[in-house]
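Engineer: The structure's right below; bear with me while I get my questions together.
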2 protein chains.
Amino acid sequence: MSLNDEALETLKTELLDAFNDEAPNKDALTERLSEIRSADIGEILEEMIEEDEALNTAIGVLNLLSDERSANVLGYLPGDSQLEVVGKLPDGQVLTLLEEMSSDERADLFNLLDEDRREALLRRMAHREREDLKRLASYEEGTAGAIMTSDYVAIASGMTVSQALMRVRQTAPDAETVYQLYILASDGQLIGTMSLRQLMVARPGALVDDIMIKDVISTMVDEAQEEVARVVARYDLIALPVIDADNRMVGIVTHDDAMDVAESEATEDFHKGMSIGALEDGVSRVPLWSLYRKRVMWLVLLVFANLFSGAGIAYFEDTIAAEVALVFFLPLLIGSGGNAGAQAATLMVRGMATGDVGVKDWSKLLGRELLVAGSLGLTMALAVAPIGVMRGGEAVAMVVSLSMVTIVLFGSLLGMCLPFVLERFKIDPATASAPLVTTLIDASGVVIYFSIASAILTSVAT
Amino acid sequence: MSLNDEALETLKTELLDAFNDEAPNKDALTERLSEIRSADIGEILEEMIEEDEALNTAIGVLNLLSDERSANVLGYLPGDSQLEVVGKLPDGQVLTLLEEMSSDERADLFNLLDEDRREALLRRMAHREREDLKRLASYEEGTAGAIMTSDYVAIASGMTVSQALMRVRQTAPDAETVYQLYILASDGQLIGTMSLRQLMVARPGALVDDIMIKDVISTMVDEAQEEVARVVARYDLIALPVIDADNRMVGIVTHDDAMDVAESEATEDFHKGMSIGALEDGVSRVPLWSLYRKRVMWLVLLVFANLFSGAGIAYFEDTIAAEVALVFFLPLLIGSGGNAGAQAATLMVRGMATGDVGVKDWSKLLGRELLVAGSLGLTMALAVAPIGVMRGGEAVAMVVSLSMVTIVLFGSLLGMCLPFVLERFKIDPATASAPLVTTLIDASGVVIYFSIASAILTSVAT
């Protein structure tokens, strides 16, 4: 059973109390921790590290665990917490932890250290480890290279099934996954793959080359991580092999890392959809200054964009002064248009992110949106018409209803098309956020509304 | 290599052309299809089925594949497309396909069939299969039971390592995954688990009971599917065992199904965030009528909610008539408040969905939001002040700046708190959508703005 929040809280208090003692009973604590999963210990330590004074307790807890276990727990902490812990440890211990971490996590942590510390650690590493770490640490963030691990099971072309099984047993303790095997030619080129399942039911004397699957799904080392996650999801893979420009195998991305990427990409899109920049950590932990910066940019930009609505209103000041009742319907009309438009934009942005919608679908979707938005506009016009009659008479009702249909239709089409336009200009379609779409529709809505109003009311008056 | 969109399009045209012939060269087509992955064939068939006249071609393609392969391809189609295909096939063939499908997909398809068809198919099944299918089909949608499969590797307590390995080899062709094994007591209770990796390096004569992990992470059969996906992600599992109320094992949820759930839950939250109901299919395929219904409800509700803004304006009609320039800033102020509030709501909703934010974090997050929103409000007030001076003089600038700070602060706090309030009342926090938050802030913003305006402008006038 996994621990619930309450059990985690209890354990945390227990640990904090124990370490407040002069001489904590380390054996009892070690025993207690042996029953707890690394992911859960990680969560407790994360909370301790946030509360600065408990950082020493967190390190005390780590020191109670075996090297392998503490490396494992460390891997569950966010980068800045890892950094705080490592900052308090001597080089020798950091080196041991780095060795025990999986190669992708090792590279991530290494990249966070400052130059001096990195140099000091590299000097104490064996040549092979150093080169592997430098290579993994060199890939750009957000690419397949940055999330892959080099701990996979490589089988040399020409091996028999029983030789391959032996190799699996040997590498089992270190490999990230042993369930998918990769067959490499002597120059390191990836020429085939097979699952451990296939290997286990194959004739022991057969050559792996004869039973492997030659048409391997793979990805390039500089491929974007969200695309990597999509391929893993689409083909239900346990791991996706990563190759370099020469088709040489350099690593694998495992299903659990792909799932983490998919989750963080979705979070980023959620935030972008509300004009919030990508946060480097969860909202409850990210520094306040950073949260401010990620939110303020678009908000201020939109203040100025909103001036267009104001300018529209200023232009129609006479119309408004003549019929102040019109202002009553202003928030309603531009709000409704904004809502419908934001809906249309979100449907497209998410459709594009999941691969359901492509640029080629544009014209078909435009037709669909025209019909749906038209119906929505009519429904909402019917809803608002009686209120128009009540507040301003039949002429105002006509203005308001007609404006509602036009604004909802215009807003929906604008919201639907904007993501495609952005995509065409190689800008992330998620930039078509609800606040941006809403602001654009506000300005257009003002113009549409008062244009219709001045046309109809003038003709009624004359 | 996986196929890109263009290659898929080419293959689709090729297939359509071939089947337009009087006598298509079936051998050549079978050969061609043998090189294509099931997921890719599934995507092509899905497009064919959407275009109604090509449904027969889609069935023709399926008939070229082996039973196992066509069941596999069928599994990649969305429910309604599966239904269209199955509607054209005789009972015998449907029975074969159902047998070949994995047990979770079989139950999903079965649930979509009409009563008569289900009865007809059940009558022709063997007793064991029938019971298994009825059981899986009976679990409520959205629960662990509905997404689990019963094709897992069960190892009887008391087996030796070599006996267990034999069992793995025997079940390899049928099991959904053989990489995680479950040790069951004679009454079916789940008492332990081990990975195939552990089994492979263990001494052949050892008892599985001695090396298994007894503290199994499992889930209840009626647990919500999003929680299941979260547990799989949190503990990096290949599969999560599902147990019933008596701790008897009933199935597993595999990592790929968990990833699909996480994606569709994220999509649902995206849509909810813009007040769109859960769609039963991708936006490009869902029927227009359904798309209309899922969007219209909140839009119309919000029309009426927006009337409060109108009422606010009506109440302050004299203030407005006295200083029409105030209207110029109205969209700007309520728009800015809405944007900031929608940001705050989104940060909380997504944080809750990923498990980063819990109800207990409320007070801490409130303090943080107070600081961040205060800073945002001040920044935006500074941005808007000069425009206030330009358009209406110093008094108006003061009104607008003061309103900006107040509205942004109020809006952000409202947006931040609403998801917590909803959660407390057991309503999905994602209901705190941008349109809802924006509309609430619009109405409050009108009141705040004109209250400040009438207070300050009156005191200036006197």
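The values are calculated or read from the model by the stated rules, or taken from the named source; none is laboratory data. Only a predicted model underlies this, so the values are computations on that prediction, with no experimental measurement involved. Glycine gets a Cβ as well: all are built from the backbone with ideal geometry, and neighbour counts include every protein chain shown.
Engineer: Restricting the search to the stretch B:331-369, which residues are part of a helix (DSSP H, G or I), among the β-branched types (Val, Ile, Thr) and facing chain A (nearest Cβ under 7 Å)?
Structural biologist: Hits for the stretch B:331-369 are B:ILE334, B:THR346, B:THR354.
Engineer: Checking the condition more than 28 Å from the chain's Cα centre (by Cα) and away from chain A (no Cβ under 14 Å), which residue from B:LEU65, B:LEU45 passes?
Structural biologist: None of the others qualify; the one that does is B:LEU65.
Engineer: In the stretch A:316-329, which residues are in contact (Cβ under 8 Å) with a residue 60 or more places away in the chain and either of a type in the set (Ser, Thr, Tyr) or more than 7 Å from chain B (Cβ to nearest Cβ) (or both)?
Structural biologist: A:PHE316, A:THR319, A:ALA322, A:GLU323, A:ALA325, A:LEU326
Engineer: Going by the conditions given, is B:VAL400 crowded, with 18+ Cβ neighbours inside 10 Å, without any contact (Cβ under 8 Å) to a residue 24 or more places away in the chain and among the β-branched types (Val, Ile, Thr)?
Structural biologist: In short, no.
Engineer: Let me ask something else about it. Restricting to the stretch B:251-280, name every residue that is farther than 20 Å from A:GLY335 by Cα and β-branched (Val, Ile, Thr).
Structural biologist: B:ILE252, B:VAL253, B:THR254, B:VAL261, B:THR267
Engineer: Among the residues of the stretch B:432-443, is any away from chain A (no Cβ under 13 Å), in contact (Cβ under 8 Å) with a residue 24 or more places away in the chain and either in a helix (DSSP H, G or I) or surrounded by fewer than 17 Cβ atoms within 10 Å (Cβ to Cβ) (or both)?
Structural biologist: So far as the stretch B:432-443 goes, no, none of its residues is away from chain A (no Cβ under 13 Å), in contact (Cβ under 8 Å) with a residue 24 or more places away in the chain and either in a helix (DSSP H, G or I) or surrounded by fewer than 17 Cβ atoms within 10 Å (Cβ to Cβ) (or both).
Engineer: Is one or more of the residues making up the stretch B:168-175 part of a strand (DSSP E or B) and buried (at least 18 other Cβ atoms within 10 Å of the Cβ)?
Structural biologist: Among the residues of the stretch B:168-175, not one is part of a strand (DSSP E or B) and buried (at least 18 other Cβ atoms within 10 Å of the Cβ), which makes the answer no.
Engineer: Would the stretch A:150-166 turn up any residue that is hydroxyl-bearing (Ser, Thr, Tyr), out of contact with any Cys (no Cβ under 9 Å at 6 or more places or on another chain) and within 12 Å of chain B (Cβ to nearest Cβ)?
Structural biologist: no
Engineer: While we're here: Of everything in the stretch A:103-152, what is closer than 17 Å to A:ASP256 by Cα, of a type in the set (D, E, K, R) and in a helix (DSSP H, G or I)? Give them in sequence order.
Structural biologist: A:ASP104, A:GLU105, A:ARG106, A:ASP108
Engineer: Just one of the numbered conditions (1) surrounded by 23 or more Cβ atoms within 10 Å (Cβ to Cβ); (2) more than 7 Å from chain B (Cβ to nearest Cβ) is not true of A:PHE304; which one?
Structural biologist: In the conditions (1) surrounded by 23 or more Cβ atoms within 10 Å (Cβ to Cβ); (2) more than 7 Å from chain B (Cβ to nearest Cβ), A:PHE304 misses (1) alone.
Engineer: Let me ask something additional. Could you tell me whether any residue of the stretch B:179-194 is facing another protein chain (nearest Cβ under 9 Å) and of a type in the set (Val, Ile, Thr)?
Structural biologist: The answer is no; no qualifying residue exists.
Engineer: What about A:GLU268, is it more than 7 Å from chain B (Cβ to nearest Cβ), farther than 23 Å from A:MET194 by Cβ and not small (Gly, Ala, Ser)?
Structural biologist: yes
Engineer: With respect to A:VAL250, determine if the residue is buried (at least 16 other Cβ atoms within 10 Å of the Cβ) and either touching a His at 6+ places or on another chain (Cβ under 8 Å) or closer than 29 Å to B:MET259 by Cα (or both).
Structural biologist: Taking the combined requirement at face value, the residue satisfies it.
Engineer: Now for a separate question. Suppose the filter is crowded, with 18+ Cβ neighbours inside 10 Å and touching a residue at least 24 places away in the same chain (Cβ under 8 Å); does A:LEU366 pass it?
Structural biologist: Here the answer is no, as A:LEU366 does not meet what is asked.
Engineer: Against the definition (surrounded by 17 or more Cβ atoms within 10 Å (Cβ to Cβ) and outside any loop (DSSP other than H, G, I, E, B)), how does A:ALA383 come out, yes or no?
Structural biologist: So A:ALA383 passes the test.
Engineer: Based on what the data block shows, is B:GLY374 surrounded by fewer than 24 Cβ atoms within 10 Å (Cβ to Cβ) and on the phi > 0 side of the Ramachandran plot?
Structural biologist: no
Engineer: A follow-up question, please. Consider B:ILE448 against the criteria (1) over 30 Å from B:ALA262 (Cβ atoms); (2) β-branched (Val, Ile, Thr); (3) surrounded by fewer than 19 Cβ atoms within 10 Å (Cβ to Cβ): it satisfies all of them except one. Which criterion is unmet?
Structural biologist: For B:ILE448, the exception is condition (3).
Engineer: Find the helices (runs of 4 or more DSSP H) located wholly in the stretch A:193-236 whose residues include 3 or more that are under 30 Å from the mean Cα position of the chain (by Cα) and surrounded by 17 or more Cβ atoms within 10 Å (Cβ to Cβ), and list them.
Structural biologist: A:225-234
Engineer: Now, a different point. Surrounded by 12 or more Cβ atoms within 10 Å (Cβ to Cβ) and either in a helix (DSSP H, G or I) or outside the structural domain of A:LEU97 (by TED's automatic domain parsing) (or both): is that true of A:GLU47 in this structure?
Structural biologist: yes
Engineer: Any residue at all in the stretch B:290-297 that is under 22 Å from A:GLU263 (Cβ atoms) and either within 8 Å of chain A (Cβ to nearest Cβ) or in contact with a Phe, Trp or Tyr (Cβ under 9 Å, 6 or more places away or on another chain) (or both)?
Structural biologist: No: the stretch B:290-297 contains no residue that is under 22 Å from A:GLU263 (Cβ atoms) and either within 8 Å of chain A (Cβ to nearest Cβ) or in contact with a Phe, Trp or Tyr (Cβ under 9 Å, 6 or more places away or on another chain) (or both).
Engineer: Then there's this: Just for the stretch A:307-318: of the residues that are surrounded by fewer than 18 Cβ atoms within 10 Å (Cβ to Cβ) and not acidic (Asp, Glu), which one is modelled with the highest pLDDT?
Structural biologist: A:TYR315
Engineer: Return yes or no: is A:ASP281 in contact (Cβ under 8 Å) with a residue 40 or more places away in the chain, more than 10 Å from chain B (Cβ to nearest Cβ) and part of a loop (DSSP other than H, G, I, E, B)?
Structural biologist: Taking the combined requirement at face value, the residue does not satisfy it.
Engineer: Among the candidates A:THR193, A:THR219, A:THR171, which residue alone is in contact with a helix residue (DSSP H, G or I) (Cβ under 6 Å, 6 or more places away or on another chain) and among the polar types (S, T, N, Q)?
Structural biologist: A:THR219
Engineer: How many of the residues in the stretch B:370-383 are more than 34 Å from the chain's Cα centre (by Cα), facing chain A (nearest Cβ under 7 Å) and without any contact (Cβ under 8 Å) to a residue 24 or more places away in the chain?
Structural biologist: 3
Engineer: Of the residues B:ALA156, B:ALA172, B:ALA185, which is without any contact (Cβ under 8 Å) to a residue 60 or more places away in the chain, of a type outside the set (Val, Ile, Thr) and touching a Lys or Arg at 6+ places or on another chain (Cβ under 7 Å)?
Structural biologist: Selected residue: B:ALA172, the only one of B:ALA156, B:ALA172, B:ALA185 that is without any contact (Cβ under 8 Å) to a residue 60 or more places away in the chain, of a type outside the set (Val, Ile, Thr) and touching a Lys or Arg at 6+ places or on another chain (Cβ under 7 Å).
Engineer: Right, another one. Quick check, is B:PHE425 surrounded by fewer than 18 Cβ atoms within 10 Å (Cβ to Cβ) and aromatic (Phe, Trp, Tyr)?
Structural biologist: yes
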